[in-house]
1. Picking from 54, 11, which residue would you name as being modelled with pLDDT of 90 or more and either out of contact with any strand residue (DSSP E or B) (no Cβ under 7 Å at 6 or more places or on another chain) or surrounded by fewer than 15 Cβ atoms within 10 Å (Cβ to Cβ) (or both)?
2. Which ones in segment 91-131 are part of a loop (DSSP other than H, G, I, E, B) and under 14 Å from residue 61 (Cβ atoms)?
3. May I ask you to verify whether residue 137 is surrounded by fewer than 16 Cβ atoms within 10 Å (Cβ to Cβ) and either out of contact with any helix residue (DSSP H, G or I) (no Cβ under 6 Å at 6 or more places or on another chain) or in contact (Cβ under 8 Å) with a residue 40 or more places away in the chain (or both)?
4. Could you tell me which of the residues 31, 37 is without any contact (Cβ under 8 Å) to a residue 12 or more places away in the chain and surrounded by fewer than 16 Cβ atoms within 10 Å (Cβ to Cβ)?
5. Residue check: is residue 75 at pLDDT 90 or above, assigned by TED's automatic domain parsing to the domain that holds residue 44 and more than 60 Å from the chain's Cα centre (by Cα)?
6. Please tell me if residue 159 is more than 30 Å from residue 80 (Cβ to Cβ), assigned to a helix (DSSP H, G or I), outside the structural domain of residue 35 (by TED's automatic domain parsing) and modelled with pLDDT of 85 or more.
7. Go through the residues of segment 122-131 one by one and say whether even a single one is surrounded by fewer than 15 Cβ atoms within 10 Å (Cβ to Cβ) and closer than 30 Å to residue 18 by Cα.
């Protein structure tokens with residue numbers, strides 16, 4: 001049997017709270033029932049004692065030597081036949097006076113609650129025994145009359161406690177839900193660091209995660225510095241070897257140069273480090289790229305338009321976005337006849353779609369996929385390393401995006417870049 005998902009913390013807390021509440025209410029029921037039973041027993045004992053004293057006080061010998069109980073206990077149940085409420089005055093085994101409810105039968109009925117006491121009545125010194133009784137059913141009925149509302153009250157209390165526990169759990173876990181939402185915003189680029197949580201228990205976790213983010217940023221920065229140093233260190237020796245190369249050695253060195261540039265440029269790109277995205281506004285990146293490529297566009301007489309209008313922020317590093325768009329714009333400028341423009345086609349929620357289009361000769365459909373392979377070029381005899389489109393495709397894939405080449409409305413190539421947006 002497969003499980004639909006991980007267990008719920010709220011469900012576990014509610015189950016534990018419900019179990020403890022049931023145990024507490026059951027214990028309360030047992031304790032209160034015992035107290036109520038003791039109360040009922042004391043009340044009935046007091047009634048028996050009062051009736052017993054009344055019988056003894058009313059018992060007298062008349063002039064004929066007959067015992068009379070006058071007046072008898074006023075409770076009408078002693079008059080009702082078969083009620084179980086009864087009294088007797090006896091001398092040894094002989095019953096001298098009895099309640100009308102007995103109808104001449106014995107007082108010691110099964111299940112009766114009895115109280116008896118020896119005494120002497122005025123007029124004779126003979127030892128008598130007064131006995132009063134009430135039915136066991138009276139005790140059960142009295143307990144039932146009290147326990148029913150008690151049980152109903154405990155049930156209502158249990159429901160109220162369950163509702164209060166559910167509300168308390170939801171309020172208590174609200175901070176966890178907000179913390180999870182902050183983590184999601186951090187992952188998607190909406191935050192640079194986690195804000196201070198409202199729960200003291202979550203503060204160390206937030207600080208540890210923020211420390212991890214800072215350490216990761218420092219690691220990426222150091223890696224970029226090392227990559228830049230390596231690029232400078234290799235550039236001079238490779239140039240010297242290329243000048244001295246002969247015959248096939250030049251082609252081999254050119255291939256080595258392309259491969260080294262590939263790995264250096266790929267390593268210099270940040271990528272989605274540790275699964276945490278940065279919210280990068282697109283407009284400043286495009287403004288910087290416009291300044292970089294404006295002289296090249298002017299020299300070639302190409303109209304360069306890099307204003308796509310309002311677009312969502314990129315969920316990633318600004319350097320990576322500049323690397324991808326810069327390669328696409330550079331490639332478009334190299335082949336454009338008179339115009340290069342950047343547009344923002346309609347995108348699904350959570351996506352950033354940008355298209356770089358030119359009016360150049362375009363690329364045959366059969367060659368488009370090959371051009372996105374590492375170091376491939378359509379014109380093998382031209383300048384350049386042929387790394388641009390492959391770098392863009394590879395870096396976009398790291399962010400969960402894609403690069404799609406197609407024919408542009410201008411007649412040349414359209415490079416459509418689909419990336420995640422910050423939310």
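The values are calculated or read from the model by the stated rules, or taken from the named source; none is laboratory data. Being a predicted model, the structure only gives us computed values, none of them experimental. Every residue, glycine as well, gets a Cβ built from its backbone with ideal geometry; the counts of neighbours run over all protein chains shown.
1. Values: 11 fails: modelled with pLDDT of 90 or more.
The match here is 54.
2. 121, 122, 123, 124, 125, 126
3. So residue 137 passes the test.
4. Criteria check complete, one pass: 31.
5. no
6. Answer is yes for this residue.
7. No, the conditions are met nowhere in segment 122-131.
Conditions (1) at pLDDT 80 or above; (2) surrounded by fewer than 15 Cβ atoms within 10 Å (Cβ to Cβ); (3) closer than 27 Å to residue 312 by Cα, marked per residue:
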| residue | (1), (2), (3) |
| --- | --- |
| 149 | yes, yes, no |
| 167 | yes, yes, no |
| 172 | no, yes, no |
| 181 | yes, yes, yes |
| 205 | yes, yes, no |
| 208 | yes, yes, no |
